[in-house]
Amino acid sequence: MFKRTLQVRIIDLDFIKFNFESGKDINIFDLVEIVSLDYARKSLLECNEIALKTRLSDMNLDEINAEINAVRNAKNYS
C-alpha cells in the first residue's frame, strides 16, 4: 500500500480552533471526523436557534407526543 501526502492550507484561526499541532501528521479519517464534528455542532446550534424562535422548545412531552401521533395518523390515513 502506497502512502501519499496531501498538504492543506487553512487559516490560523481554524488551525487553533481544531487544535492542530505544527509538524504533526494527521490521517484523513481523523481530519474527516474533526471537520464532521464541527459541522454537527454548528447544525445542532442552528436547530436550537430555530426551536427557540418558533417556540418548539416550549413544548412539553405531552404536546410533543401529540404532534408525533398526528403525523403518524396522517401518514396512515392518506
Listed by first then second residue, the pairs whose first member lies in the stretch 6-31 and is under 22 Å from residue 42 (Cα atoms), whose partner is at pLDDT below 90 and surrounded by 10 or more Cβ atoms within 10 Å (Cβ to Cβ), with beta carbons under 9 Å and at least 6 positions apart or on separate chains, are none
Applying the selection to the stretch 64-78, what residues are among the charged types (D, E, K, R) and either touching a strand residue (DSSP E or B) at 6+ places or on another chain (Cβ under 8 Å) or at pLDDT 90 or above (or both)?
67, 72
Criterion first (surrounded by 10 or more Cβ atoms within 10 Å (Cβ to Cβ) and at pLDDT below 95) does residue 61 satisfy it?
no
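The values are calculated or read from the model by the stated rules, or taken from the named source; none is laboratory data. Keep in mind it's a predicted model, so treat the numbers as computed, not measured. All Cβ positions, even for glycine, are placed from backbone atoms using ideal geometry, and neighbour counts span all protein chains on display.
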